Amino acid sequence: GRDERGSEVVINRLHQGAQSCEELMRFYKERIALEEEYSRRLEAISRRSIGTYETGNLREAFETLRGETEQMAKSHSNQAKKLQNDSLKTLSSFSSTFVANRQPVEHSVEKIRKSKQAMNSTVLRLKERYQAETTKLNTLIAQESLLLGREQDKNRQKIHLQQELVSEVRQEYQISVKKLQELQATWIDEWRLSSAKLQEMEVSRIDFLLANIWEYTNSVSSSCVNDDAACETVRKSLEQCNAQQEIDLFVQKFGTGREIYTTEPFVDYLNGESDGQFRPRVVNTLSSETRSSSDKTLLQPQTAPPLISKKDTDVIMAPSNEDPLRATLEDLKHGGNGDMHRLKEMLNDTDPSQRRSRMSEVPDFRSSGSSQTTTGTTRILTRPKSMIEDLEQYQQQEAQKRNAKRSSFHSGIRSQSRSSINIPAKLSNNGLPMVTRNGKRVLKHAKALFDFSATIDGELTFKEGDVLSVLHMQEDGWWECERIANGAVGLAPYNYLETI
């Protein structure tokens, strides 16, 4: 290019190529440091104990995970060494050779280029001088015709001297131009050879970098493949694990089971009893159905608890696995409602033999109203629907008796509460009155957790969030309360309330 600027660009490009090699070497060094640090940390965690308390295949899976992590640590350590030898060292060696080969060519080209530039400057300087001296000579010649006598003679002497000077400058200018032309030819030959060498060096640099980075990526990729193979080994070990098998192995190893034994009994040493007379026995057995049912119960939304009745305090019915009909009849004998739906299904059974065998235990409520069963006699019902109607009528009668008994019981509580001693009105710590509107003493205050509607006279209707004053607490679970909002007084189930 003009003024040989193209050579400067090419040589500068080679300098930039050397800087690229330096940058890539710094990249490799940092990556090697990361691989070494990663390897050390993997090795550290692979030495830690994991799954110490596991058994069976799960313990083997933990051991596989630890072992494969150790192998990954070794793999990354080897990866760091491979990058050090195959990538970094080869690149460093090439970079040194590249700089060493570039410098002689660069110096030779630079020397000729500077000589040419100096000669070109000389030519330009002589050219300007030759032009100036020639202009001065032409001016003296033009004045020749205007001068006379001595002035004309002096002018001729000046013209003669100027002609000699112009001739001298002209000769120097010609010699400089010739030398510049010779240097130009030398420069062209030298630059042709140098540019070919520089281009060859640049091509070799690019090819080397491509191959070097390609080798680096292959090395890193192989490390990733090794990591994936290690993870696949761990996955295969996990496929051998099964939750139920692990639980069974745990049970076999530690001797646990599903049986629930009786609690420690009372041993009356005073009456001669000894520890050997009482042995633990199984009272219940847990099963998967029991656990799932319990879990399902925990997931159900919170609902209002069952009401408390006088019957609940007198009779506690334990769960039974006996015949459903027998359980229903036993419940009826003790004043319960029974499972009429199941009873109807059994009475409408299409199999006569089953109906006869089951109805042998049904009491004759129609004859005397007694709840006692007739033993040793098989009573065959020819009209099941009539029996159902009698049972429903009996159930209604028993419910009316219980309601009347509860109403009488609640009336006694109210009469007892009315005889309470009146005390001066005062407020509790939470700002609620400690006496009712009628002057009765308040034991404590409670907040309603659920809505409750009275079913018989004497019970108190309230809504969730209402504040009640507790006046009297009975052992059957019914509390006499006053609703602060409207002053209504009545009985409320305690499990619907929360003390505040």
request  = Filter the stretch 484-495 for residues that are farther than 15 Å from K444 by Cβ and either under 51 Å from the mean Cα position of the chain (by Cα) or assigned to a strand (DSSP E or B) (or both) and give the result.
outcome  = A485, V489, G490, L491, P493, N495
key: Among the residues listed as S176, S92, the single one being in the same structural domain as Q19 (by TED's automatic domain parsing), farther than 30 Å from H15 by Cβ and in contact (Cβ under 8 Å) with a residue 40 or more places away in the chain   = S176
query = E182: in the same structural domain as Y28 (by TED's automatic domain parsing), among the charged types (D, E, K, R) and without any contact (Cβ under 8 Å) to a residue 12 or more places away in the chain, yes or no?
reply = yes
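Conditions tested, residue by residue: (1) farther than 21 Å from Q400 by Cα; (2) in a strand (DSSP E or B).
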residue: R437; (1), (2): yes, no
residue: T455; (1), (2): no, no
residue: E475; (1), (2): yes, no
residue: W479; (1), (2): yes, yes
residue: E482; (1), (2): yes, yes
message = Looking for something small (G, A, S), touching a Ser or Thr at 6+ places or on another chain (Cβ under 9 Å) and buried (at least 16 other Cβ atoms within 10 Å of the Cβ) - is there at least one such residue anywhere in the stretch 103-117?
response = no
inquiry  = Filter the stretch 36-59 down to the residues that are crowded, with 16+ Cβ neighbours inside 10 Å and either of a type in the set (K, R) or on the phi < 0 side of the Ramachandran plot (or both) and list them by number.
reply    = E36, Y38, S39, L42, E43, S46, E54, T55, N57, L58, R59
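So that you can scan it fast, the table gives a plain yes or no per residue for (1) touching a residue at least 60 places away in the same chain (Cβ under 8 Å); (2) under 25 Å from the mean Cα position of the chain (by Cα):
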residue: A33; (1), (2): no, no
residue: L42; (1), (2): no, yes
residue: R66; (1), (2): no, yes
residue: Q71; (1), (2): yes, no
residue: L83; (1), (2): yes, no
Of all residues making up the stretch 407-431, the number that are over 19 Å from A492 (Cα atoms) and either part of a helix (DSSP H, G or I) or modelled with pLDDT of 65 or more (or both) = 3
message = Suppose the filter is of a type in the set (A, V, I, L, M), assigned to a helix (DSSP H, G or I) and surrounded by 12 or more Cβ atoms within 10 Å (Cβ to Cβ); does A142 pass it?
response = no
message = Of the residues S167, S194, S176, S121, only one is assigned to a helix (DSSP H, G or I), under 30 Å from M25 (Cβ atoms) and of a type outside the set (A, V, I, L, M); which?
response = S194
ask   = Residues in the stretch 129-162 that are modelled with pLDDT under 85 and in contact with a helix residue (DSSP H, G or I) (Cβ under 8 Å, 6 or more places away or on another chain): how many?
value = 2
key: Selection count where residues are over 14 Å from L432 (Cβ atoms), in a loop (DSSP other than H, G, I, E, B) and of a type in the set (A, V, I, L, M, F, W, C), scope the stretch 443-453   = 2
message = So for the stretch 52-66 (the condition being out of contact with any Phe, Trp or Tyr (no Cβ under 9 Å at 6 or more places or on another chain), over 30 Å from I188 (Cβ atoms) and outside any helix (DSSP H, G or I)), does at least one residue qualify?
response = yes
task = Starting from residues that are of a type in the set (S, T, Y) and surrounded by 15 or more Cβ atoms within 10 Å (Cβ to Cβ), keep the ones in the stretch 163-215 and report whichever is farthest from the chain's Cα centre (by Cα).
result = Y173
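The values are calculated or read from the model by the stated rules, or taken from the named source; none is laboratory data. Because the structure is predicted, anything quoted here is derived from the model rather than measured. Cβ: placed from backbone, ideal geometry, glycine included. Neighbour counts: every protein chain shown.
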